[in-house]
Amino acid sequence: MSALPGALSVFLPLLVRLLRGPGKFMLAVNGALTALLVALAAAAVRDGHAAVWVPLVLGIVLAAAIVFFGVRLARLSKHVDDLEKLQTESTDVEIIAKDGRPVVDDEARQRFQDASYEASLRTSRFMPRVEAAQRAAVAAAGGTVAAPYLKDDLRWTIVSGLVTAAAGPVSFVLLIVTAIIS
């Protein structure tokens, strides 16, 4: 096995494990602030304050991003847990070709070439470097079976995580604005 797939199967799950607790805390705190904002803004709209529609709509958008990130975080955690189970159950078997070289070396070399090719492709899409890195990681790992945490598009996970991180302070400011307006 080459260093690249091995590093991916160690680094990303380690990162997910390290961020699992703070991610859940961020989801809980920012979700509570955003839910409070939506509830307060909805009550103010019912009372006839038309200017509170803006905080209400922003709160709903933030809440949708928080829910999306929560689903992605749970799915990513599940895939990492499945990978850990798979790694503990699997046994290493080395197949030797007729010329005496291990077949694993050829496979690893091909994976590295595939990963290099995918990493070199830049499309004009949203976050092209992240997309290229994910495609390269999938190629280096030999597909999403060996790297189930790469099944979902990481670009949307990153964006929803950033929006979730910003949702707490934004919701707090919008709470103050909503309280002042209503």
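The values are calculated or read from the model by the stated rules, or taken from the named source; none is laboratory data. Keep in mind the model is a prediction, meaning the values are calculated, not measured. Backbone-built Cβ (ideal geometry, glycine too); neighbour counts: all protein chains shown.
Among the residues that make up the stretch 153-165, is at least one of them modelled with pLDDT of 60 or more, aliphatic (A, V, I, L, M) and under 30 Å from ARG46 (Cα atoms)? Scanning the stretch 153-165 turns up at least one residue that is modelled with pLDDT of 60 or more, aliphatic (A, V, I, L, M) and under 30 Å from ARG46 (Cα atoms).
Every residue, every condition in (1) among the polar types (S, T, N, Q); (2) surrounded by 21 or more Cβ atoms within 10 Å (Cβ to Cβ); (3) touching a residue at least 40 places away in the same chain (Cβ under 8 Å), yes or no:
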residue: VAL29; (1), (2), (3): no, no, yes
residue: THR34; (1), (2), (3): yes, yes, yes
residue: HIS49; (1), (2), (3): no, no, yes
residue: ILE60; (1), (2), (3): no, no, no
residue: GLY70; (1), (2), (3): no, no, yes
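Between LEU62, LEU58, LEU76, the distinction of being under 30 Å from VAL170 (Cα atoms), in contact with a Phe, Trp or Tyr (Cβ under 6 Å, 6 or more places away or on another chain), modelled with pLDDT of 65 or more and assigned to a helix (DSSP H, G or I) belongs to LEU76 only.
Does any residue of the stretch 11-25 turn out to be β-branched (Val, Ile, Thr), closer than 22 Å to ALA165 by Cβ, at pLDDT 95 or above and in contact with a Ser or Thr (Cβ under 7 Å, 6 or more places away or on another chain)? No: zero hits.
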